[in-house]
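Some notes on the structure that comes next.
The values are calculated or read from the model by the stated rules, or taken from the named source; none is laboratory data. Bear in mind the structure is a predicted one, so any value in this text is a computation, not a measurement. Cβ placement follows ideal geometry from the backbone for every residue including glycine, while neighbour counts extend to all protein chains displayed.
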Amino acid sequence: MKYVAVIGLEVHAQLLTHSKLFCGCPARFGAAPNTQVCPVCLGMPGVLPVLNGKAVEYAVMMALAVNCKINPRSVFARKNYFYPDLPKGYQISQYSEPLAEHGSIEIDVNGERKKIGITRIHMEEDAGKLLHGETMEDEAFSFVDLNRTGVPLIEIVSEPDMRSAEEAQAYLKALRDILVYLKICDGNMEEGSFRCDANVSIMPEGSSKFGTKAELKNMNSFKYVKEAIEYEIRRQIDTIESGGKVIQETRLFDASAGVTAPMRSKEEAHDYRYFPEPDLLPLYVEDKLVDKLRSELPELPRAKRERFMGEYGIPAYDAGVLTSSRELADYYEAVVRNTGEPKISSNWVMGELLRYLNEEGKTVSECQVSPESISDLIKMIKSSAISGKMAKEVFEDMYRTGKPPAAIVKEKGITQISDEKELKGIIEEVIKANPENLARYKAGKDKLFGFFVGETMKATRGQANPQLVNNLLKELLAK
């Protein structure tokens, strides 16, 4: 029997506010443990939460970007569960009346476009973090760091519309791109500011009845999300075909072993005993605010990719790479404005620039090479002042020093020889110095043409214009 996977994702995105969701504590990553806490986020008796208005704006922006309906009234609720990293014994979230519902985004997988529904987007506070380890005496310990407690999150819950790990990965990347373009989340999966849980089940091909789902956790990269879902699909198929039964549970992904393992039985909503948060009034989002935020949305990744392909005539692959971040897209457009050469500009930004940045794990905003410098380098190639090979050497110095290309070319003395009269004289000397190879070439050994090209480049220390060398050699060797 053939089976079809049914996948839905629950994505938590940490909002880039300066302070937490219900108090004034800093929300930054990396501080010493338990130094960014106060009585409010620690849930001390008698404290009252106060909602962060900027977090609401960021949540509305994301909801608009994925075509959600913004509910004019939403309600915060207490989600009750007891865990060491949850000091209040409950999490302030939203349940029956979320901020936004009924959205969608489009993804591209294997050349096909597919719409993925978004059930809801709601706001909630984050929990703390448990640190597990062993002492030098091999004694196990667990520490709790509550710095993250109360940090603002949005949870984006998809419809179970994905049918493969590739689709899930593409959806997750699309969400992350939008969040980063909006500058409301840094999208860092390793630091936990962009996290994903996957609900995975299978059903017989042709059926419309979903099977029993398992929830997968502990996936902190796009690669691991794909691997975890692929393993879980295989596991569920093997379980059913061997006569077993898939049970509803939460499973952890072990990245080193590439397998999922049971964590706990899956809770239902009633297990959390949701009830309205008594210390917070309902949240009312006015149309005026929604219209203002909608007007301020930037051009989003998909729209930018399609515009790049249409306006600049570059391939879909190039457009995808160049719009992978808002800063990189802006950088590329600045280069194109100066050169008027979309494809050549794309080649240099995607090729040399990204190669060096990726090697050092840097972003384009950390780069010393300005768009104007790359534009000037491309213009020097077009004017035959330097060759493409020379340009790569010059670019390396540009990247290391931040100097403009003209200054580096002058320092190195590597201008290209494009004077026809000068090159003609050099080539004639090369031919004269190699009478035997000249005779063999004229006798039909055409491959010796490359020999004469090499000797000419050697005589000019690589500074001859390659195209002009080829043209002149053809002319002089034919005599």
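In the list Val56, Val50, which residue meets the criterion of being surrounded by 15 or more Cβ atoms within 10 Å (Cβ to Cβ), assigned by TED's automatic domain parsing to the domain that holds Ile178 and among the β-branched types (Val, Ile, Thr)?
Values: Val50 fails: surrounded by 15 or more Cβ atoms within 10 Å (Cβ to Cβ).
After ruling out the rest, the residue left standing is Val56.
Take the stretch 42-84 and flag every residue that is of a type in the set (Gly, Ala, Ser), outside any helix (DSSP H, G or I) and within 23 Å of Leu16 (Cα to Cα). I'd like the intermediate steps shown before the answer.
From the stretch 42-84, those of a type in the set (Gly, Ala, Ser) are 43, 46, 53, 55, 59, 63, 65, 74, 77; that's our starting set.
Filter once more, so that each one left must be outside any helix (DSSP H, G or I): 43, 46, 74, 77.
If the condition is that a residue be of a type in the set (Gly, Ala, Ser), outside any helix (DSSP H, G or I) and within 23 Å of Leu16 (Cα to Cα), then Gly43, Ser74, Ala77 are the ones that fit.
Report whether or not Ser104 is among the polar types (S, T, N, Q), surrounded by fewer than 19 Cβ atoms within 10 Å (Cβ to Cβ), within 27 Å of Ser164 (Cα to Cα) and in the same structural domain as Glu277 (by TED's automatic domain parsing).
Working: among the polar types (S, T, N, Q): yes; surrounded by fewer than 19 Cβ atoms within 10 Å (Cβ to Cβ): yes; within 27 Å of Ser164 (Cα to Cα): yes; in the same structural domain as Glu277 (by TED's automatic domain parsing): yes.
Judged against the criteria, Ser104 is a match.
Yes or no: the stretch 363-377 includes at least one residue that is modelled with pLDDT under 95, among the acidic types (Asp, Glu) and assigned to a helix (DSSP H, G or I). The answer is yes; a qualifying residue exists.
Yes or no, residue by residue, for (1) out of contact with any Asp or Glu (no Cβ under 8 Å at 6 or more places or on another chain); (2) surrounded by 13 or more Cβ atoms within 10 Å (Cβ to Cβ); (3) modelled with pLDDT under 95; (4) more than 28 Å from Leu64 (Cβ to Cβ):
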residue: Leu216; (1), (2), (3), (4): no, yes, no, yes
residue: Tyr231; (1), (2), (3), (4): yes, yes, no, yes
residue: Thr239; (1), (2), (3), (4): yes, yes, no, yes
residue: Ile247; (1), (2), (3), (4): yes, no, yes, yes
residue: Arg264; (1), (2), (3), (4): no, no, yes, yes
residue: Ala269; (1), (2), (3), (4): yes, no, yes, no
residue: Arg294; (1), (2), (3), (4): yes, yes, no, no
residue: Ile314; (1), (2), (3), (4): yes, yes, no, yes
residue: Val321; (1), (2), (3), (4): yes, yes, no, no
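Tally the residues that are of a type in the set (S, T, N, Q) and free of Cβ contacts under 8 Å to residues at least 12 places away in the same chain, restricting the search to the stretch 371-409. If you could, list the steps in order and put the result at the bottom.
Applying the first criterion (of a type in the set (S, T, N, Q)) to the stretch 371-409 yields 373, 375, 383-384, 387, 401.
Filter once more, so that each one left must be free of Cβ contacts under 8 Å to residues at least 12 places away in the same chain: 383.
Looking only at that region, the number is 1.
Starting from residues that are out of contact with any Leu (no Cβ under 8 Å at 6 or more places or on another chain) and in a helix (DSSP H, G or I), keep the ones in the stretch 428-443 and report whichever is nearest to Ala478 (Cα to Cα). Can you show your working first?
Within the stretch 428-443, the first condition is being out of contact with any Leu (no Cβ under 8 Å at 6 or more places or on another chain), and the residues that meet it are 429-430, 432-436, 439, 443.
Now narrow it down to the ones that are in a helix (DSSP H, G or I): 429-430, 432, 435-436, 439.
Values: Glu429: 16, Val430: 15, Lys432: 14, Pro435: 14, Glu436: 15, Ala439: 12 Å.
The selected residue is Ala439.
I'd like to check which strands (runs of 3 or more DSSP E) are fully inside the stretch 87-149 and have at least 3 residues that are within 30 Å of Ala319 (Cα to Cα) and in contact with a strand residue (DSSP E or B) (Cβ under 6 Å, 6 or more places away or on another chain).
Counting at least 3 such residues, we get 100-109, 112-125.
Every test in (1) buried (at least 18 other Cβ atoms within 10 Å of the Cβ); (2) of a type outside the set (A, V, I, L, M); (3) at pLDDT below 95 is passed by Glu191 save one, and that test is (1).
Whether any residue in the stretch 177-185 is surrounded by fewer than 18 Cβ atoms within 10 Å (Cβ to Cβ), at pLDDT 95 or above and not in a helix (DSSP H, G or I) is what I want to check. Yes, that holds for at least one residue.
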